[in-house]
Amino acid sequence: AQKIAIMGALDQEIAILLDQMKKQKKVNKGGIDFFTGKLQGKKVVVLKAGVGKVNASYSTAVLTQNFKIESLIFTGVAGGLHPESLPGDLVIGEKLIQHDFGKFDSTGFSVTPYRKLTGGHLENLYVDADKKLLIKCLMAAGKVDFGPIAERHPKVFSGVIATGDMFVSSNEKAFWLYEEFEALATEMEGAAVGHLCQTLNIPFIVIRSLSDNANNNARIDFNQFVEPASINSAKLVLAILEEM
Ligand code: ADE
């Protein structure tokens with residue numbers, strides 16, 4: 001039978017899922033530990049992909065070569081870009097884009113627009129999440145009690161997620177990502193996994209909870225909020241599995 005794959009980048013991001021899994025078995029393929037079993041009565045395979053687009057792509061390749069996957073859910077933390085977002089908030093990826101694909105000047109800001117590289121269509125670089133999973137995810141989000149984290153109860157956003165091989169910790173870069181891509185969150189794996197899922201015809205969704213705001217204070221915030229944010233994202237995964 002086909003399994004739902006659940007992927008995170010860090011141990012914290014998959015920890016509570018592994019804790020709650022029934023009939024858990026571990027198998028190593030290509031250097032990656034895959035945990036199979038049941039969550040909310042659904043057959044799943046859970047794995048830690050590692051950080052960044054290379055690790056995420058490799059893990060997606062090994063996963064899809066070794067397991068029959070009906071869909072893929074990525075769960076984890078991200079840096080918030082929306083001015084009203086705070087650590088603990090959820091961002092559901094409707095579209096994902098690689099923000100570091102193209103040519104860059106010395107400050108790291110894109111000077112040769114990637115849109116030229118794809119024949120004038122910026123849209124081409126965005127990869128869309130599966131519509132049915134997105135709807136399930138939005139419905140599930142309304143049912144979860146996330147509990148207060150930063151200064152208030154977490155809000156749920158959905159929109160663009162910008163993926164790149166860097167931990168963003170600069171006010172300017174964070175604002176640039178928000179302006180340039182209309183991205184609500186930045187992280188380091190989503191668009192890579194999404195791109196491969198699109199190629200392989202596997203429905204996918206990326207769920208993130210904010211550990212920081214990708215600003216000058218991001219490193220400090222990340223350490224404070226990585227744990228509760230990972231839990232929020234995992235809680236939403238469990239709620240989506242209920243809907244599936
Ligand atoms: N994941 C969590 N916070 C992040 C940030 N600020 N930049 C990139 N990835 C992140």
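The values are calculated or read from the model by the stated rules, or taken from the named source; none is laboratory data. Predicted, not measured: the structure shown is a model, and the values here were computed from it. All Cβ positions, even for glycine, are placed from backbone atoms using ideal geometry, and neighbour counts span all protein chains on display.
For segment 150-186, a tally of residues being more than 13 Å from the ligand (Cβ to nearest atom), in a loop (DSSP other than H, G, I, E, B) and of a type outside the set (Lys, Arg) returns 5.
Figure legend. Inter-residue proximity from segment 163-184: first residues of a type in the set (Phe, Trp, Tyr), second residues in a loop (DSSP other than H, G, I, E, B), beta-carbon distance below 8 Å, spacing 6+ or different chains. Indicated pairs: 167/188; 175/81; 176/109; 178/81; 178/82; 178/83; 181/99.
Results for (1) at pLDDT below 95; (2) touching a Pro at 6+ places or on another chain (Cβ under 9 Å); (3) assigned to a loop (DSSP other than H, G, I, E, B); (4) among the hydrophobic types (A, V, I, L, M, F, W, C), shown as yes or no for each residue.
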position	(1), (2), (3), (4)
202	no, no, yes, yes
205	no, no, no, yes
208	no, no, no, no
211	no, yes, no, no
216	no, no, yes, no
224	no, yes, no, no
228	no, yes, no, no
233	no, no, no, no
237	no, no, no, yes
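Restricting attention to segment 197-216, the residues that are within 11 Å of the ligand (Cβ to nearest atom) and without any contact (Cβ under 8 Å) to a residue 24 or more places away in the chain total 0.
Right, residue 194: surrounded by fewer than 21 Cβ atoms within 10 Å (Cβ to Cβ) and either away from the ligand (no atom under 16 Å from the Cβ) or not aromatic (Phe, Trp, Tyr) (or both) or not? Give the steps one after another, and end with the answer.
Numbers: surrounded by fewer than 21 Cβ atoms within 10 Å (Cβ to Cβ): no; either away from the ligand (no atom under 16 Å from the Cβ) or not aromatic (Phe, Trp, Tyr) (or both): yes.
No; evaluated as a whole, the condition is false for this residue.
Of all residues in segment 7-18, those that are within 9 Å of residue 231 (Cα to Cα) and surrounded by 17 or more Cβ atoms within 10 Å (Cβ to Cβ) have Cβ atoms under 7 Å from Cβ atoms of residues that are of a type in the set (Lys, Arg) and at pLDDT 95 or above, 6 or more apart or on another chain, in 14/48. Determine, yes or no, whether residue 51 is within 16 Å of the ligand (Cβ to nearest atom), of a type in the set (Val, Ile, Thr) and either assigned to a loop (DSSP other than H, G, I, E, B) or surrounded by fewer than 19 Cβ atoms within 10 Å (Cβ to Cβ) (or both). Criteria met by residue 51.
Every test in (1) part of a strand (DSSP E or B); (2) surrounded by fewer than 17 Cβ atoms within 10 Å (Cβ to Cβ); (3) of a type in the set (A, V, I, L, M) is passed by residue 44 save one, and that test is (2). Scanning segment 54-80 for residues that are part of a strand (DSSP E or B) and surrounded by fewer than 16 Cβ atoms within 10 Å (Cβ to Cβ) yields a total of 1.
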